[in-house]
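Some notes on the structure that comes next.
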Amino acid sequence: MSSALENSIVYLKGVGPKRAELFEKLGIRTVKDLIYHLPRRYTDLSSPLPIAATVLEQPNVVKVTVVSKERPAMIRRGMTVYRLLVTDGADDMTVTIFNSQYAFDMLKQGEEYILFGKVTGNFTRREMSSPEIRRAGDADRIEPVYPLTAGLTQNILRNCVKNAISKMMPQDVEFLPADILDSAAMMPEAEALRLVHFPQDPNDITHARRRLAFDELLTLRLGMLSLRERNRSYTGYSMKNTDMTPFLAALPFRLTGAQNRAISECAADMQKSTPMNRLLLGDVGSGKTAVAAACCYFAAKNGAQSVLMAPTEILASQHFESLRGFLGPSGLNVSLLVGSMTKKQKEAVYMKMKTGEADVIVGTHAVFQEGAEYCRLGLVITDEQHRFGVEQRSALAKKGENPHRLVMSATPIPRTLALMIYGELDISVLDELPNGRKKVDTYAVTGKLRSRACAFVRKELDSGGQAYIVCPAVDEGENMFNVTDYAAELEKGEFKGYRIGVLHGKLPAAKKEDVMRRFKDGALDILVCTTVVEVGVDVPNASIMMVENADRFGLSQLHQLRGRVGRGERASSCILITDNVSEESRKRLKILSSTSNGFEISEADLEIRGPGDFFGSAQHGLPPLKIADLAADGELIKLSQDVADRIYDTGRITLPGCAALRKRVEELFSAAAD
């Protein structure tokens with residue numbers, strides 16, 4: 001790598017010590033950092049609109065001549081307003097500039113300029129306030145717009161990037177061998193960087209972005225493959241094949257083909273000398289817990305303990321009940337360990353874990369905290385992986401001698417995305433629903449039909465069913481769907497005389513447990529709740545769900561919520577209420593009403609919302625992607641995976657010709673760790 005790009009930004013023309021401190025706030029320390037500080041969007045000055053065609057309340061580009069300038073007006077101390085009249089030859093427009101005599105003086109009567117700014121006014125009169133101004137002759141066709149910090153302007157940044165690019169030689173930045181570039185039809189890195197910063201037309205941006213997105217996806221995949229290899233260290237629990245017949249015979253149902261396939265894949269992994277690292281990816285109600293139970297049985301018959309970690313106490317308790325039901329008949333001891341237990345209760349479980357009396361331990365983060373010691377921990381199962389931070393997962397893995405690991409995700413992520421996010425894991429997919437799972441009829445309605453929806457819910461309650469009513473948040477200021485107030489409102493109005501419970505994330509754990517247990521036992525008719533119920537609480541008698549402000553939820557989240565009903569014998573329904581009648585809202589809810597396939601729904605969700613919102617504030621441990629779009633770049637993801645797998649499988653990554661690529665992978669993952 002050339003020393004010119006490794007130099008401190010302070011020595012770059014136009015920077016200096018004071019500006020270097022501002023660049024530091026953007027994570028820019030070297031000239032190379034600046035070159036890779038990519039535009040977040042562009043201002044296209046190449047196609048100005050006639051004034052009459054500008055879109056009100058939106059930023060527009062116009063090419064105009066200054067007609068006249070008004071006398072400056074001081075409207076209050078420290079605020080001077082400058083106004084001028086401009087024309088495009090057919091229509092006039094008023095331009096207002098606040099507190100910038102320099103910008104006002106720069107505009108000369110009779111001369112032509114490109115203006116970019118928000119247009120206000122009405123059909124007959126247009127105005128533009130505080131526009132960006134360029135001379136018509138020397139305006140760049142397309143200008144980059146960068147992330148900034150206070151004290152730096154777009155012009156300063158553009159000029160500094162130009163200076164940095166002028167120092168860049170092709171060999172300074174290229175890290176892929178020529179044959180890989182040719183096979184993937186990618187432009188050289190130096191050309192991509194020049195064009196992404198200073199494109200001449202929109203096609204330049206597309207081609208440059210493709211190369212830089214490919215870089216990110218390729219290095220990400222290679223890093224994931226490297227992590228997978230690192231996890232392939234020797235395990236202290238290489239197991240022998242086990243007869244599963246007694247376990248299968250004790251189940252109250254027959255497993256699906258997908259469940260049997262997943263169990264076989266896990267059993268094969270656990271017989272290797274390297275630890276299993278497998279993702280169990282399944283739709284709502286696809287039977288992941290039964291697969292987890294089979295793995296626990298396999299481990300126990302090999303003399304090893306298993307632990308299952310869930311993100312909430314409610315879900316941990318449910319897994320405990322399920323696993324005890326599946327494994328109890330085989331004589332296995334299943335113990336529960338959660339934070340809300342008393343010290344005495346915890347110590348009793350700790351003793352069982354330490355002596356090996358407990359074959360399976362189910363709990364929340366309490367299972368890896370100080371005091372939790374295992375006798376022979378051979379299998380670690382985590383539920384809802386992306387709800388746990390990387391630190392928590394590794395802390396649990398350290399409790400044994402490289403135990404086998406199974407990750408269960410109830411979010412049916414598209415396979416391309418799963419390969420990227422869980423790239424260090426092998427994947428088993430549960431794509432069949434067990435027999436007897438009833439289809440949930442889904443209806444999307446506006447708030448005008450709320451009374452009819454409530455009447456529909458009452459009818460179901462009167463015939464012996466139970467209902468969930470879901471609200472978006474615990475408290476949202478003046479929002480009527482504050483869950484506690486809304487429950488009180490229902491109790492006095494539409495559902496007077498019915499037994500109503502309230503459940504949300506801010507309740508103490510013991511209170512949550514109590515409310516959920518009462519609902520499960522049938523002591524409550526209605527549970528008014530937030531998405532705290534999303535993660536899998538099983539109430540077979542709950543047959544109807546009503547979701548308020550449904551447009552505030554992602555499609556995958558609504559699908560998860562809907563999966564709480566239809567788990568018993570009763571025919572079940574889900575009513576989605578929204579007052580948002582926009583085209584996008586209608587499109588989203590129509591998708592949900594027309595299919596119950598979680599994989600199809602998650603594909604649509606990803607396209608509509610993108611991966612950031614898809615995971616919410618989830619910690620999935622991915623290095624941040626600056627330019628690749630996991631929602632839109634499906635073809636590029638597949639290409640980068642194929643190329644990365646070839647580089648890795650052939651051992652080429654270790655050869656001298658890939659030294660720069662190896663360094664890029666290490667930099668990406670060390671930055672993510674920081």
Give the separation of the Cα centroids, segment 516-588 to segment 51-111, in Å. 54 Å
CD proxy, 222 nm, the chain: helix-only mean residue ellipticity via -39,500 (n - 2.57) per DSSP H run with n ≥ 4, per residue, nearest 500, stands at -12000 deg cm²/dmol
For Lys118, which aspartates and glutamates qualify as cross-link partners when the Cα separation must be under 20 Å and same-chain residues fewer than eight apart are set aside? Asp44, Glu57, Asp88, Asp91, Asp92, Glu127, Glu132, Asp140, Glu143
Label point 7 Å out from Asn7 along Cα-to-Cβ: which residues of segment 161-188 have amide N under 12 Å? 163-168
Provide the gained length on full extension for the span Gln345 to Ala73, in nm with one decimal, where the gain is 0.36 nm per separating residue minus the Cα-Cα distance. 90.3 nm
How large is log10 of I(q)/I(0) for segment 440-614 at q = 0.11, 0.18 Å⁻¹ when the intensity is taken from the Debye formula with one equal scatterer per alpha-carbon? -0.43, -1.21
Once you put a point 7 Å from the Cα of Asp579 and another 7 Å from the Cα of Asn163, both along the Cβ direction, what distance in nm separates them? 5.4 nm
Mean separation of Cα contacts under 8 Å (6+ apart) over length of the chain, as relative contact order %: 12 percent
Projecting each Cα onto the charge dipole of the chain (Lys/Arg +1, Asp/Glu -1 at the beta carbon, about the Cα centre), which of Ser340, Pro59, Ala455 comes out farthest on the positive side? Ser340
Relative contact order for segment 245-430: what is it in percent, counting Cα pairs under 8 Å that are at least 6 residues apart? 32 percent
Among all lysine pairs in segment 440-614 that are eight or more places apart or on different chains, how many have alpha carbons less than 20 angstrom apart? 9
Distance in nm between Asn597 and Ala52 label points, each 7 Å along Cα→Cβ, equals 5.0 nm
Over segment 31-102, what relative contact order in percent results from Cα pairs under 8 Å that are six or more residues apart? 23 percent
What dipole magnitude, in Debye to the nearest 20, does segment 511-583 give about its Cα centre under +1 on Lys/Arg Cβ and -1 on Asp/Glu Cβ? 280 debye
List the lysines whose alpha-carbon lies under 16 Å from that of Lys69, not counting same-chain residues fewer than 8 positions away? Lys108
Burial order of peptide ranges 221-229, 311-319 (average beta-carbon count within 10 Å, highest first): 311-319, 221-229
Rank by packing, highest mean first: peptides 497-503, 569-575, 298-304, with packing defined as the count of other Cβ atoms within 10 Å averaged across residues. 298-304, 569-575, 497-503
Taking Cα atoms, how many degrees apart are the long axis of helix 509-520 and the longest axis of the chain, rounded to 10 and kept between 0 and 90? 70 degrees
Along the charge dipole of the chain, Cβ charges K/R +1 and D/E -1, which of Ser130, Ala73, Val470 sits furthest on the positive end? Val470
The Cα extents of segment 245-430 along the principal axes, largest first and rounded to whole Å, are 45, 38, 34
Which angle from 0 to 90°, rounded to the nearest 10, does the C-alpha axis of helix 343-355 make with the longest principal axis of the chain? 80 degrees
What is the packing order of peptides 633-643, 78-88, 356-366, taking the mean over residues of other C-beta atoms within 10 Å and listing the highest first? 356-366, 633-643, 78-88
Paired Rg and Dmax values of the chain, which use every Cα atom, in angstrom: 30.2, 93
Can you give me the angle between helix 313-327 and the longest principal axis of the chain, using Cα atoms only, in degrees from 0 to 90, rounded to the nearest 10? 40 degrees
Whole number please: convex hull volume per residue, Cα atoms of segment 9-136, in Å³. 156 Å³
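Throughout, read-outs are computed from the coordinates displayed, never taken from laboratory work. This structure is a prediction, so every number in the text was calculated from the model and none was measured. Positions of Cβ are generated from backbone atoms using ideal geometry, with glycine treated the same way; all protein chains shown enter the neighbour counts.
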